[in-house]
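Structure record follows, encoded as structure tokens.
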Amino acid sequence: MSSAVSQLSSESSVVPGKVDKTAGRLRASQVVEMIGGFEGRLEVVEKGLGSIKDAGQLAIQIQTLTKRLDAQEIEIQGIRKNNNVLRADNEFLKDELKRISEACCDNTTDEDSEVSEEEVDEKKVSLTKKIEEEIEGSSLAYGDNALKELTRYAFNFCMGIARFSENNPPVYPDTDDKSTWPKIQGTDDAVLRFRWDRAWTDEDNYHSIRWLMGWMKRHGSGVVPSSKLPLLRISEEDLQKRVRERFNNLRKKVKAAEGTHKESGTENQAGGLSEGGDGGLTNLSKEGMVKVEGRKGPSTAGLRSRAAGKLAIRKMQRDKLPADSPYRDPKYDPAFVVNLMSDDEDEYNENGKTTKRFISRAPLYRSQELIKLLATIDAVPFEGPKRYLERVRGLPIDVPPKRSNKMELKARRWMIDEAWLAKPENQKWDDESRIVDSGKAWGDDNDPEDIAAQHEEIKLAKKALAIDKKRRLFEVEQERETKKAKKDKKREKGKKRMEVKMSSTTPASDTADIEDDDIIYD
């Protein structure tokens, strides 16, 4: 039986499905068994055929990729060869250029060199003068009255108003869609608007300032003819500074008209408390500030004017102190400036009318030394003109020392209460724009005026260095360009001389060739 099965297996491998007739007669059970084994072999063969098919596809893909890699390798080799050829050509051209340049330089005369150097010096001097004239011209143009007049006109015209009023300034629209804004007269451009409650660095304000600068450059000479020359001479930086300064001035006017005095906390408030209490018209806010309903406090300009009047009175009172009074010492002089005077507000009676008296609200930052000084001064009887109104003491106010760019208007450290300044919420006010050192008279090593003078000298020195650096860089660049022009000039002369030599030798050789040809063909 086993021989029959092996015979069937061997033959089925050659011709599947056929049985040799010479093998003899088989039983039915044997036939069934052999058929089952044959079907199992068929399943194995079918699986093998599938794997062979997948392997064949993979082999084809590998073969294709190999061909592509070979082609790319050949292409890369060709590129390398071409690159080597180009590199060799480049080196050859460099050598030729160097040889020609040296030949051209050898053919130049000393006279040409001397003339070129003189030309270089003249150009250098003229360019240096030109830079200095541009810097000076921009500075003069910045302060030119015609440019100031143009700036004022440009603001009003582009905002679509005849005259600026701080009490009713143009308001920034609620929408950013400028197609809905009013138009500048005679144009399709939207009117200019500013956000008066924000600084010039605000995105909208900065965009308006830059737009206004462009308008002044385009139309300025036609509007204010005398501004034509300043517009040509002024730099971009100085022009922006001029427009920015105008914006800041208008912004200050708007804030003053609104009665906003953020640093002194006088927005929409006025005094009504005297030493005897309130008069039935006032109430205290949560911050301890006094308010009168429906009334605005004095403007910034008004507060400053009243402070100046108070300062004049105290100076006269100080002059009446005894000769041996310690408060006549010059070291107390910095306390008698307008920025250090307390704010004076109007006092109102029961009918809501002013009483012709001011309520003084002293700041809480004052040191005991400053309080004693002013109390001593105020105790001196004053017999002055009737135009000075009476002042009464009001509630103190928690405000920082006023900011100033002038040294003489800043508070000195001896005037500041250390406990007040040590509070976390007040430490931010301890900067040089508000508080400076007391000075030598109070035990310091230097006076703040001397320190400020040194800082100003350093600032000017840095500015001078920057200008000098800019000039030197310009000179170096010009010198480089001049040397390049000089070499180009020499190279051009050398080429012309070589062309002349070649033109003088070429006709003779040509003639000789022609004569030889004639002899041969004769």
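Values as computed for the structure displayed
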item	result
Efficiency of FRET between GLU203 and GLN77 - r from beta-carbon atoms, R0 41 angstrom, step 0.05	0.10
Ordering of 301-310, 202-211 by burial proxy (mean other Cβ atoms within 10 Å per residue, highest first)	301-310, 202-211
Cα→Cβ-extended label distance, 7 Å offset, between GLN478 and GLU350, nm	8.4 nm
Added length on full extension, which subtracts the Cα-Cα distance from 0.36 nm per residue, ASN446 to THR175	92.1 nm
Restraint check, LYS148/LYS253; LYS255/LYS402; LYS255/LYS463; LYS402/LYS459; LYS217/LYS459; LYS241/LYS410, Cα-Cα greater than 27 Å	LYS255/LYS463; LYS217/LYS459
Net +/- balance of residues flanking MET415 in space, Cβ distance below 9 Å, scoring K and R +1, D and E -1	+1
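Where a number appears in this text, it was derived from the coordinates with a stated rule and is not lab data. Being a predicted model, the structure only gives us computed values, none of them experimental. FYI the Cβ positions are ideal-geometry reconstructions off the backbone, even for glycines, and counts take in every protein chain you see.
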